[in-house]
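Peer 1: Sharing a structure with you now.
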Amino acid sequence: MSNLIPMLFTQADAVAKPAPMILSEQEKASWFARIQDELVQHHAIIIAHYYTSPLIQELAQATGGFIGDSLEMARWGKQHDATTLIVAGVRFMGESAKILSPEKRVLMPTLEANCSMDIGCPIEEFDAFCDAHPDRVVVVYANTSAAVKARADWMVTSSIAVPIIEHLDGLGKKILFAPDRHLGRYIQGKTGADMLLWQSSCIVHDAFKANTLRQLKAQYPDAAVLVHPEAHHDVIALADSVGSTTQLIKACTQLPNQQFIVATERNIFYKMQQAAPNKQLIQAPADEANATCRSCIHCPWMAMNSLEALERALLTGSNEIQVDPQIAKRALIPLNRMMEFAKTLNL
């Protein structure tokens with residue numbers, strides 16, 4: 001059983017994508033050295049998502065920081081002894097880091113970096129939806145606000161969503177899942193669970209369409225297709241591997257193909273190419289005629305994480321993430337449940 005509610009978020013056209021920074025090697029070295037000095041002074045570390053620019057990811061690596069998916073980012077920040085975490089990603093990632101490490105200062109290059117799924121699931125409407133279905137276990141994706149997480153029984157990331165829903169379904173539970181309708185449909189198809197789906201989506205993954213993917217596959221018949229489960233079900237149907245960002249990087253190293261068509265945010269290529277340097281990566285195209293944003297292969301909010309913004313936050317202490325302690329306390333419950341479950345699977 002699968003049900004949908006009306007979509008609450010439609011467009012992200014107003015989000016302007018910053019122009020990429022073009023630096024010489026000497027200029028880049030100067031930026032990195034300056035920021036490294038500030039990181040040491042503030043006992044800080046950079047935690048970056050795979051979807052941030054290659055420049056930000058390279059900086060994180062060069063300064064002893066971390067690059068990963070949303071679950072790995074929060075977990076790594078909790079375990080590190082830094083007293084300040086610089087979270088380069090989108091706002092819910094900074095909130096998750098703060099919820100897991102309330103004693104640490106969590107800064108972001110910008111607090112304006114958001115997520116279409118988070119925007120599409122406002123707490124007031126979500127509260128009412130949950131109240132209308134009290135018989136269901138509330139499961140939310142990581143791409144939600146702290147307030148939405150606080151209303152949930154469980155939190156999932158794309159890497160662990162299927163086994164958690166399988167577990168709940170095995171207990172005879174009916175599920176209320178939010179916010180991504182595509183991920184929800186994928187999980188429901190994998191598990192057969194009774195899921196009531198909130199309808200929101202990722203503007204990047206929503207832009208990939210089966211017809212353009214088939215055309216590209218015809219040009220590269222030997223290429224394996226890698227797809228994130230936030231994509232349309234008919235795009236997922238064409239995939240050789242479906243998974244989280246971390247899982248897609250692993251697939252690139254494990255599958256025997258020498259060419260890969262990749263249907264997710266293009267900045268994943270930075271770590272994917274490091275993991276599989278001898279393989280050819282091909283970006284799956286967006287369906288420009290029907291796309292819901294102007295820069296569909298790149299997340300416009302992830303692109304807000306620039307060197308200038310990161311350095312400014314570090315120098316001034318601006319863009320600090322604050323989460324209401326009562327909300328954080330409640331949000332920690334589903335987050336911890338997920339992390340404890342992940343331990344049982346050695347994830």
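The values are calculated or read from the model by the stated rules, or taken from the named source; none is laboratory data. A quick note: this is a predicted structure, and the numbers were derived from the prediction, not measured. So basically every Cβ, Gly included, is an ideal-geometry build from the backbone, and we count neighbours across all protein chains shown.
Peer 1: Out of everything in region 77-92 that is part of a helix (DSSP H, G or I) and in contact with a Leu (Cβ under 9 Å, 6 or more places away or on another chain), what residue ends up being nearest to residue 271 (Cα to Cα)?
Peer 2: Among those that are part of a helix (DSSP H, G or I) and in contact with a Leu (Cβ under 9 Å, 6 or more places away or on another chain), it is 77.
Rundown of residues vs (1) under 24 Å from residue 305 (Cβ atoms); (2) in contact (Cβ under 8 Å) with a residue 60 or more places away in the chain; (3) touching a Cys at 6+ places or on another chain (Cβ under 8 Å); (4) acidic (Asp, Glu), yes/no style:
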residue	(1), (2), (3), (4)
231	yes, no, no, no
237	no, no, no, no
248	yes, no, no, no
252	yes, no, no, no
259	no, no, no, no
270	yes, yes, no, no
273	yes, no, no, no
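Peer 1: What is the one condition in (1) under 16 Å from the mean Cα position of the chain (by Cα); (2) aromatic (Phe, Trp, Tyr); (3) at pLDDT below 95 that residue 92 does not satisfy?
Peer 2: Every listed condition holds for residue 92 apart from (3).
Peer 1: Here's something else I'd like to know. Is it the case that residue 79 is surrounded by fewer than 18 Cβ atoms within 10 Å (Cβ to Cβ), more than 29 Å from residue 120 (Cα to Cα), touching a strand residue (DSSP E or B) at 6+ places or on another chain (Cβ under 8 Å) and without any contact (Cβ under 8 Å) to a residue 12 or more places away in the chain?
Peer 2: Working: surrounded by fewer than 18 Cβ atoms within 10 Å (Cβ to Cβ): yes; more than 29 Å from residue 120 (Cα to Cα): yes; touching a strand residue (DSSP E or B) at 6+ places or on another chain (Cβ under 8 Å): no; without any contact (Cβ under 8 Å) to a residue 12 or more places away in the chain: yes.
No: the conditions fail for residue 79.
Peer 1: Additional query: Among 238, 226, 281, which is the only one that is under 19 Å from residue 210 (Cβ atoms), at pLDDT 95 or above, aliphatic (A, V, I, L, M) and out of contact with any Asp or Glu (no Cβ under 8 Å at 6 or more places or on another chain)? Walk me through how you get there before you give the answer.
Peer 2: Details: 226 fails: out of contact with any Asp or Glu (no Cβ under 8 Å at 6 or more places or on another chain); 281 fails: under 19 Å from residue 210 (Cβ atoms).
The match here is 238.
Peer 1: Of the residues 72, 58, only one is among the charged types (D, E, K, R), farther than 30 Å from residue 179 by Cβ and either touching a residue at least 40 places away in the same chain (Cβ under 8 Å) or in a strand (DSSP E or B) (or both); which?
Peer 2: Working: 72 fails: farther than 30 Å from residue 179 by Cβ.
Only one candidate passes the filter, namely 58.
Peer 1: Based on what the data block shows, is residue 143 under 21 Å from residue 338 (Cβ atoms), in contact (Cβ under 8 Å) with a residue 24 or more places away in the chain and of a type in the set (S, T, N, Q)? Quick ask: steps written out before the conclusion?
Peer 2: Numbers: under 21 Å from residue 338 (Cβ atoms): yes; in contact (Cβ under 8 Å) with a residue 24 or more places away in the chain: yes; of a type in the set (S, T, N, Q): yes.
Considered against the rule, which asks whether it is under 21 Å from residue 338 (Cβ atoms), in contact (Cβ under 8 Å) with a residue 24 or more places away in the chain and of a type in the set (S, T, N, Q), residue 143 comes out as yes.
Peer 1: Only one of 193, 239 is among the aliphatic types (A, V, I, L, M), farther than 21 Å from residue 119 by Cα, in a loop (DSSP other than H, G, I, E, B) and under 20 Å from the mean Cα position of the chain (by Cα); which? So that I can check it myself, show each step before the final result.
Peer 2: Numbers: 193 fails: under 20 Å from the mean Cα position of the chain (by Cα).
Every option except 239 fails the conditions.
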